[in-house]
Structure formats: structure tokens, C-alpha cells
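No lab work stands behind these numbers, since they all come straight from the coordinates. These numbers come from a predicted model, not from an experiment. Cβ atoms come from the backbone with ideal geometry, glycine included; neighbour counts cover every protein chain shown.
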Amino acid sequence: MYVFMEPSTTPAGLEIDNENQKMLIEWGDGHLSVYPLYGLRKNCPCVVCRGGHSQMNKFEPEAFFEKDPARMEITSVKQIGNHALQITWHDGHDTGMYRWSTLRELDPENHKELDQ
Ligand SMILES: [Zn+2]
């Protein structure tokens, strides 16, 4: 079955770089997004990390610009259908299903004004 996917929210490549504390996603439209792991962990979309069902769409992109972030590590990632990425963290936390569309929106480049 052919499913149309929007290039800007469709991953073409993904790289986990625990050593340099980054996750990189290359998108179908050629854009490269670089996510500091601390910010990615802070923006875990699961209900517990978001602080309840009423907060599900409230994210904290400012966490990507934390000046002295705690080290985080990704143990594994798994694609969920064609809409999301499940990330397992070093502390065992794995309930966050990051929608590709959310990740594209969270791209730190979209939130540079928070870098102070
Ligand atoms: Zn979470």
C-alpha cells in the first residue's frame, strides 16, 4: 500500500551520538536537525514526563539550550509505525513515543530565540 508521507516530517536518516550528546535526524526535504540529548529527554512526550494528560502538547524547547546539561544516553530507538520514534534511555525510561512531526517542530533551530 502506498502511503503519502510529507517529506519535511519523514526521516531519511537518523544517528545517535551519545559521545557528543546529540541525536541527528536528516529529513526527507534535506533538512538536518540536531537535538542535544538532555533537551530531548526533557521533552519526552509521555504522560508522566509531560505532567498529565492536559499537558500533552506542552513542550520545553528551552531545554535544548541548557548551558550545563546532565549527561543523557540513548540505549536504543525503535520506529513505531511510520509516525513516531520510541526512544529507550540509559535509565530504562522508554514510554516516550516521539512523533516525527513533533520532532520536526522541536528542532532547536526553530527555537533559537530561547538560547540566552
Ligand atoms: Zn517520559
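All conditions but one from (1) in contact with a helix residue (DSSP H, G or I) (Cβ under 7 Å, 6 or more places away or on another chain); (2) away from the ligand (no atom under 12 Å from the Cβ); (3) within 14 Å of residue 23 (Cβ to Cβ); (4) not hydrophobic (A, V, I, L, M, F, W, C) apply to residue 90; the one that does not is (1).
Kindly provide the set of residues from region 37-54 that are surrounded by 11 or more Cβ atoms within 10 Å (Cβ to Cβ) and either under 16 Å from residue 105 (Cβ atoms) or away from the ligand (no atom under 13 Å from the Cβ) (or both), ordered by number. Scanning region 37-54 gives 37, 38, 39, 40, 42, 43, 44, 45, 50. Listed by first and then second residue, the pairs with beta-carbon distance under 9 Å, at least 6 apart or on different chains, first residue in region 91-102 and aromatic (Phe, Trp, Tyr), second within 13 Å of the ligand (Cβ to nearest atom) and part of a loop (DSSP other than H, G, I, E, B), are 98/43; 98/44; 98/45. In summary, residue 12 fulfils each of the numbered conditions (1) surrounded by 13 or more Cβ atoms within 10 Å (Cβ to Cβ); (2) within 15 Å of the ligand (Cβ to nearest atom) with the single exception of condition (2). Without any contact (Cβ under 8 Å) to a residue 60 or more places away in the chain, among the aliphatic types (A, V, I, L, M) and touching a Gly at 6+ places or on another chain (Cβ under 8 Å): which single residue out of 84, 70, 63 fits that description? None of the others qualify; the one that does is 63. Checking each residue in region 15-33 for being surrounded by 14 or more Cβ atoms within 10 Å (Cβ to Cβ) and over 15 Å from residue 73 (Cα atoms) picks out 25, 26, 27, 28, 31, 33. Inspect all residues belonging to region 98-109 and state whether any of them is within 11 Å of the ligand (Cβ to nearest atom) and not in a helix (DSSP H, G or I). Yes. Taking the criterion of being exposed (fewer than 14 other Cβ atoms within 10 Å of the Cβ) and within 16 Å of the ligand (Cβ to nearest atom), the only residue of region 62-72 that qualifies is 70. Selection within region 74-87: residues that are part of a strand (DSSP E or B) and in contact with a helix residue (DSSP H, G or I) (Cβ under 8 Å, 6 or more places away or on another chain). The member of this set that is nearest to the ligand (Cβ to nearest atom) is 87.
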